[in-house]
Structure formats: structure tokens, C-alpha cells
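Enquirer: Quick one: this structure, given as C-alpha cells, is what I'll be asking you about.
The values are calculated or read from the model by the stated rules, or taken from the named source; none is laboratory data. This one's a predicted model, so the numbers in the text were calculated from it and none came from an experiment. Here the Cβ positions follow ideal geometry from the backbone for every residue, glycine too, while neighbour counts run over all protein chains shown.
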Amino acid sequence: METTTVRAGIPVSIASTRGPESIRQFAASLGAGVHAVPLEEALESEIIFVAIPFLAVEQFAKSLPDWTGKTVVDTMNAHYAPGSAEVLRGRLSTRYVAEQLSGADVVEAFNHLPANTLAAELDPKLGRRVILIATDSPRAGDRIADLAGQLGLAAVQLGRVDEGGRLIQAPNALVLRNLTEQPLQ
Ligand SMILES: NC(=O)c1ccc[n+]([C@@H]2O[C@H](COP(=O)([O-])OP(=O)(O)OC[C@H]3O[C@@H](n4cnc5c(N)ncnc54)[C@H](OP(=O)(O)O)[C@@H]3O)[C@@H](O)[C@H]2O)c1
């Protein structure tokens, strides 16, 4: 679940419930700095990207006894998970994730574009790809914006989850908008 690219030489661990062997080949295909590890080891990371089916969040939350101090990036889109409306009961999906991972600083990001689009190198002449970020923790937002910058992305912080976060929750206005930032003339 923790996943990013080796683009900036940042070590990455990925994990799933079925253990490292089940994803070792996949991890190797992503580059030399990507390691398949047991879930408990991945959860020791400073920043945890959660990219699992939305309805698995409740189960995933039990993977750690205490989420305090963790920065968690919620890349998920509840909209595409049948039955999610009954779980959300009107809550924004990132708010639900923050409730489940109580104590973590949860950042909604990397969810508004397909993974393949995010991973693709962009011709520098076209500018930098924009990554949209929303969180109720400004410190965590800055941290993820900094990480996005290291990955060659242009981070745009949209404020709290119930502000800009609403716009990047599928199927709302900024979802699937493949934006780029170019220097002002
Ligand atoms: N694919 C995209 O382009 C894209 C774009 C934006 C957002 N998203 C969002 O990202 C999430 C994942 O999408 P996906 O397409 O990658 O789905 P996926 O192919 O179903 O992958 C989900 C992964 O989650 C793991 N998993 C499930 N439950 C888990 C748990 N409790 N703990 C740890 N790992 C668990 C699964 O492995 P095991 O079964 O082995 O645990 C599997 O490797 C979804 O919420 C989706 O909306 C996807």
C-alpha cells in the first residue's frame, strides 16, 4: 500500500495482506529502490500511502494499535466502491479514513488522477504535473507537498478536507483533471 516512485531516489516499501512474496516481482518491476516487505515493516515508514479498496479501510486500520504520529496519504476513491455510501453515511471519504486511523495526520492526495498518469514522465516543455492536496493538518500537507516537489510534481494545497478536499473526492469537479503548471510569461 505504501507506494510512490523511485524517481527521486526515495526508498519505498510496498506491502499487502498476502505478504512480500506475493508482490516481490511487482516491486522489482518498479525499480531498484522499491522493496516488498511485510505489512508491519511498511507501517514503520514515516509516510504511508494507503491505496487499497475503500471498503478494506476498516480492516486495515487494525494493522496498527496506535496511529499517532503517522502521516498517511489517502489515495482512495470511495465513489468507485459499491456499498461505500452506506459506510460513509454522508461523511467525506478522507474524514472517514481519518476517523478509522485515529491519531494519524491524514492527507488526501494522489487520488484525482489514474496511477499510470501520475507515474508517467511529463515532457518538461509541458510544465510540471499538478498534484492536489487537502488535509486538516497543515504540517502534514506541507510534508506531502515537499515530497511531491521531490518527485517533480507541482503541489497545490487546497486547504481542509471539507474545503478543497471535497473537490478532489470522486466524482467531483477536479477529479481526472490532468493539470500542469507552467512558469508565468
Ligand atoms: N488504480 C488507479 O489508477 C487509482 C487512481 C486513483 C485512486 N485509486 C484508488 O486506490 C485504491 C487501490 O486501487 P487499485 O486499483 O490499486 O486496487 P487493487 O488493484 O484492488 O489493489 C489493492 C491492493 O490493496 C491490497 N490490500 C487490500 N486490503 C488490504 C489491507 N487490509 N491491508 C493491506 N493491503 C491491502 C491488496 O493486496 P492483498 O489482497 O494482497 O492485501 C491489493 O494489492 C482504490 O481505493 C482506488 O480508488 C486508484
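Enquirer: For Ala8, only one of the following conditions fails: (1) in the same structural domain as Pro171 (by TED's automatic domain parsing); (2) out of contact with any strand residue (DSSP E or B) (no Cβ under 8 Å at 6 or more places or on another chain). What is its number?
Expert: If we test Ala8 against (1) in the same structural domain as Pro171 (by TED's automatic domain parsing); (2) out of contact with any strand residue (DSSP E or B) (no Cβ under 8 Å at 6 or more places or on another chain), just (1) comes out false.
Enquirer: Among the residues of the stretch 73-100, which ones are surrounded by fewer than 22 Cβ atoms within 10 Å (Cβ to Cβ), hydrophobic (A, V, I, L, M, F, W, C) and under 24 Å from Val156 (Cβ atoms)?
Expert: Leu92
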